[in-house]
Amino acid sequence: MSDAAEPRLTSLAHGGGCGCKIAPAVLQDILARMPAAAPFANLMVGTETSDDAAVWRLNDSQALIATTDFFMPVVDDPFDFGRIAATNALSDVYAMGGTPIFALAIVGMPVSVLSPQTIGRILEGGAAACAAAGAPVAGGHSIDSVEPIYGLVALGLVHPEQVLTNRGARPGDVLLLTKPLGVGVLSAAFKQERLDPEGYRALMDSTTRLNALGARLAGRRGVHAVTDVTGFGLLGHALEVARGAGATVEIGAAPPTLPGVRELLEAGVRTGASTRNWASYGAEVDLPAGLPDWRRDLLTDPQTSGGLLIAVAAGEAEALAALARAAGDDVQAVGRVVEGPPRVRVTA
């Protein structure tokens with residue numbers, strides 16, 4: 001099979017990136033049926049808190065972080081798809097404060113449609129992202145599937161007393177976000193062949209930038225909660241923080257966005273996942289009167305390989321922001337935690 005005969009990767013999938021996630025409300029119902037993991041004393045983080053990864057205590061100085069993440073193509077270039085998927089999977093390790101140690105590849109490909117060369121380039125892209133994180137791809141599993149799927153099982157280490165979760169935020173904390181929003185909008189525009197070269201560069205720069213800052217947050221003074229913003233959008237992941245804290249999270253209506261995103265939203269470009277997200281958790285979110293629809297859609301936009309959302313004590317926020325910027329992250333304050341019920345309030 002020649003590369004010229006192959007269709008666009010994104011044309012082979014019904015969705016792409018973290019926009020493929022099961023809607024939050026449906027996922028919550030599924031997970032509610034899982035048996036409790038309470039008998040396992042060394043399981044520090046399981047499914048109970050909707051956190052980014054599982055954590056197992058190995059000994060007094062090491063805990064193992066384990067996560068898996070995979071999805072269908074968000075772009076057509078196979079190497080770029082592999083890089084994005086791997087970067088996204090590694091993000092869950094960083095969100096727990098860990099350092100990746102190795103990964104296993106998850107590969108499902110329509111082998112009658114895609115050439116071995118194309119599939120190999122996807123794996124090469126994933127390996128390149130892992131190499132940048134200092135973690136080898138040490139194995140994996142592959143199947144023949146109808147749609148192309150790629151991702152990782154990612155493993156990392158963290159000190160048991162420095163594990164970061166999404167549930168430790170406190171009233172008075174500032175919320176920092178390390179990447180602008182809009183990946184879902186840009187990827188939808190790409191699939192519709194409406195994304196210009198500048199937009200594609202912005203999409204790639206964001207989705208392939210490792211959230212390595214997370215490993216430097218473990219044990220840092222004032223850092224109370226961390227999660228990465230992915231398929232449920234900023235509002236969905238902020239709601240997880242609010243539930244974990246038993247407090248209200250306030251999010252500004254105008255968070256930082258990637259270039260061209262507002263114009264695309266105003267032109268009607270958005271993902272189906274954005275609508276599903278709002279239908280799942282909109283009852284727990286308060287919006288200001290007169291908020292334009294495109295702003296709500298931005299706040300629910302599914303982020304593939306999105307940034308870290310960090311709850312940090314107000315007195316430590318500026319120092320942490322400076323650390324993040326020095327590491328190359330486009331960090332901005334996007335909200336705060338206040339006393340109140342576990343809800344999200346969007347402020348004008």
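General remarks:
- Checking every residue in the stretch 78-89 against the condition of being of a type in the set (Phe, Trp, Tyr), touching an Asp or Glu at 6+ places or on another chain (Cβ under 7 Å) and either touching a residue at least 12 places away in the same chain (Cβ under 8 Å) or open to solvent by less than 30 Å² (accessible area, probe 1.4 Å) (or both) gives at least one match.
- Residue match in the stretch 245-262 (condition: open to solvent by 30 Å² or more (accessible area, probe 1.4 Å), in contact with a Leu (Cβ under 7 Å, 6 or more places away or on another chain) and of a type in the set (Val, Ile, Thr)): yes
- For Gly126, the requirement of being modelled with pLDDT of 95 or more, under 30 Å from Arg296 (Cβ atoms), touching a strand residue (DSSP E or B) at 6+ places or on another chain (Cβ under 7 Å) and not hydrophobic (A, V, I, L, M, F, W, C) is not met.
- When Gly282 is tested against (1) open to solvent by less than 20 Å² (accessible area, probe 1.4 Å); (2) touching a residue at least 24 places away in the same chain (Cβ under 8 Å), only condition (2) is not met.
- Segments classed as helices (runs of 4 or more DSSP H), wholly inside the stretch 191-295, with at least 1 members that are among the small types (Gly, Ala, Ser): 197-207, 213-217, 233-245, 272-281
- Single residue of Pro160, Pro180, Pro148 found to be open to solvent by less than 30 Å² (accessible area, probe 1.4 Å), touching a residue at least 60 places away in the same chain (Cβ under 8 Å) and in contact with a Lys or Arg (Cβ under 6 Å, 6 or more places away or on another chain): Pro160
- Qualifying residue in the stretch 316-328 (condition: in contact (Cβ under 8 Å) with a residue 24 or more places away in the chain, over 22 Å from Ile84 (Cα atoms) and open to solvent by 60 Å² or more (accessible area, probe 1.4 Å)): no
- Cross-chain or 6+ apart pairs with Cβ under 6 Å, the stretch 49-69 first and more than 17 Å from Ala218 (Cα to Cα) and of a type in the set (D, E, K, R), then part of a strand (DSSP E or B) and open to solvent by less than 40 Å² (accessible area, probe 1.4 Å): Asp69/Gly151
The values are calculated or read from the model by the stated rules, or taken from the named source; none is laboratory data. This one's a predicted model, so the numbers in the text were calculated from it and none came from an experiment. Quick reminder, even Gly has a Cβ in these numbers, built from the backbone with ideal geometry, and neighbours come from all protein chains shown. Surface accessibility is based on the protein's heavy atoms, side chains included, excluding ligands, DNA and RNA. Shrake-Rupley method; radii C 1.70, N 1.55, O 1.52, S 1.80 Å.
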